[in-house]
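J.: Sharing a structure here in C-alpha cells format.
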Amino acid sequence: MKISSLFSQNKTVLSFEVFPPKKDSPVETVYRTLDELAGLNPAFISVTYSAGGTGGAEESTINLASYVKNTLKVETAAHLTCINSGFSDIEKTLKNLSEHGIENILALRGDRNPDTPTKDDFHYASDLVSFIKKQNYNFGIAGACCPEGHPESENLIADIRNLKKKADAGAEFLVSQMFFDNTKFYDFLEKLNLADITVPVTAGIMPVTNKRQFERMIMLSGASLPSKFTRAVARFENNPEALADAGIAYAIDQIVDLMSNGAAGIHLYTMNKPVLARKITESIRSLL
Ligand code: FAD
C-alpha cells in the first residue's frame with residue numbers, strides 16, 4: 001500500500017522511525033524493538049539508511065523494513081540516500097527493495113561526510129525522486145523537509161523553493177525534521193501553502209530524554225528551543241528520571257497541540273526505545 005493514501009482518511013497518521021543497529025550491537029535487539037513498536041499499531045514504521053557506513057548498510061535497512069512489512073504486517077518506508085551512489089547502485093537497490101515487497105521509499109540526498117566520497121549522478125533528493133519515478137516500479141515516494149530551513153540553505157524561502165522541486169518531481173508526502181516549537185511548524189505550513197506545495201506534511205517529533213541526546217541531536221539539528229524546553233533541561237539535567245519524564249511530557253504536549261490543529265501526521269523519532277513510543281502513544285491514543 002502506498003503510505004500517501006493514508007493521508008486522505010481524515011485521521012492523523014502516526015508513524016515511528018527506527019535505525020539499524022551499529023556494527024557492534026546485536027541485531028536481535030532491534031527486532032525486539034520492532035515487535036514492540038508494531039504492537040502499538042502505527043500507520044507505518046520507517047527505517048533509516050546509512051550510506052557508506054560499515055558493510056551491509058543497505059542490507060540491514062532492507063532486512064528490517066522487510067521484517068516490518070512481511071513478518072509484522074505493518075506498512076513500512078525504507079529510507080534511501082543518493083549523493084554517495086551512482087545510477088546503477090540505486091537501480092540495484094530499487095530492485096532489491098521491490099523483491100522484498102517494500103512499496104514506499106523516503107528519498108533523501110544524505111549528509112555530506114568527508115569520510116564517504118560523493119558521486120556525480122545525484123545532487124539533490126529531487127534527482128532521486130525523479131529517477132525512482134522513471135524506473136519500472138510503482139513505489140510510493142516521500143521526501144524530507146526542515147520546518148526551520150535546511151542548515152545549508154541561504155534562508156527558509158530558498159529551501160521551500162527547492163522543496164517545491166521535490167514535490168513536483170513526485171514526492172507524495174513530506175516528513176519533517178524534528179522541531180520543538182510548534183509555531184515554527186505552523187509558519188512553515190503556511191509558507192508551503194503560499195508556494196503551492198500541497199502534499200501532506202507529517203510532523204517529526206523527538207522526545208528528548210537524556211542530556212547527551214540533548215547536546216548531540218538538538219544542537220546538530222539547529223532546531224529552535226523554546227524557553228519552556230530549555231528550562232526543563234536545565235532544571236532536570238542531573239536527574240535522568242525526571243529529565244526523561246519531562247522530555248516525554250513535552251513531546252506529548254507538542255503532539256496534542258499539533259493534532260488539535262489538524263496535523264496530517266506525527267512521525268515519532270523513537271531512538272529505538274519502544275518504551276518512549278509506548279508512553280507517548282498511550283497518552284494520545286484516544287486522539288488518533
Ligand atoms: P535535499 O532536499 O536535496 O536538500 C538539501 C539541500 O539542497 C537543501 O539546502 C536544499 O534547499 C538544497 N536543494 C535541494 N534541491 C536543490 C536544487 N534543485 N538546487 C539547489 N539547491 C537545492 N540521512 C541519512 O543519511 N539517512 C537517513 O535515513 C536519513 N533520514 C532522514 C529522515 C528525515 C525525516 C530527515 C528530515 C532527514 C533524514 N536524513 C537522513 C538527513 C538528510 O539526509 C539530510 O538532512 C541531508 O542534509 C539533506 O537531505 P534532503 O533529502 O533534505 O536533501
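The values are calculated or read from the model by the stated rules, or taken from the named source; none is laboratory data. Everything quoted here is computed from the prediction, not taken from an experiment. In this analysis, Cβ positions are derived from the backbone assuming ideal geometry, glycine residues included, and neighbour counts consider all displayed protein chains. Areas reflect the complete protein model, heavy atoms only, side chains present, ligands, DNA and RNA absent. Shrake-Rupley method; radii C 1.70, N 1.55, O 1.52, S 1.80 Å.
J.: Taking THR118 as the residue in question, decide whether it is in a helix (DSSP H, G or I), within 14 Å of the ligand (Cβ to nearest atom) and not aliphatic (A, V, I, L, M).
T.: Spelling it out, it is not the case that THR118 is in a helix (DSSP H, G or I), within 14 Å of the ligand (Cβ to nearest atom) and not aliphatic (A, V, I, L, M).
J.: Continuing with this model, one more query. In the range 89-112, which residue that is touching a residue at least 24 places away in the same chain (Cβ under 8 Å) and basic (Lys, Arg) is farthest from the ligand (Cβ to nearest atom)?
T.: Only one residue fits best here, namely ARG112.
J.: I'm trying to understand the selection: among the residues of the range 31-53, which are more than 14 Å from the ligand (Cβ to nearest atom) and either buried (at least 20 other Cβ atoms within 10 Å of the Cβ) or closer than 25 Å to LYS119 by Cβ (or both)?
T.: Filtering the range 31-53 down to residues more than 14 Å from the ligand (Cβ to nearest atom) leaves 31-43.
Hits for the range 31-53 are THR33, LEU34, LEU37, PRO42, ALA43.
J.: Residues of the range 182-206 being assigned to a helix (DSSP H, G or I), within 18 Å of the chain's Cα centre (by Cα), within 16 Å of the ligand (Cβ to nearest atom) and not basic (Lys, Arg), which ones?
T.: Within the range 182-206, PHE185, PHE188, LEU189 qualify.
J.: Further question on the same structure: Please go through (1) modelled with pLDDT under 95; (2) surrounded by fewer than 20 Cβ atoms within 10 Å (Cβ to Cβ); (3) outside any helix (DSSP H, G or I); (4) more than 16 Å from the chain's Cα centre (by Cα) for THR209 and return the number of the only condition it doesn't satisfy.
T.: Status for THR209: all satisfied but (2).
J.: Quick check on my filter: what residues within the range 122-147 are of a type in the set (D, E, K, R) and open to solvent by 60 Å² or more (accessible area, probe 1.4 Å)?
T.: Result: LYS133, LYS134.
J.: Looking at the range 146-162 only, could you name the residues that are more than 7 Å from the ligand (Cβ to nearest atom) and under 19 Å from the mean Cα position of the chain (by Cα)?
T.: PRO147, GLU148, GLY149, PRO151, ILE160, listed by residue number.
J.: Let me ask another. Looking only at the range 249-288, how many residues end up being open to solvent by less than 70 Å² (accessible area, probe 1.4 Å), in a helix (DSSP H, G or I) and within 30 Å of VAL199 (Cβ to Cβ)?
T.: The total comes to 16.
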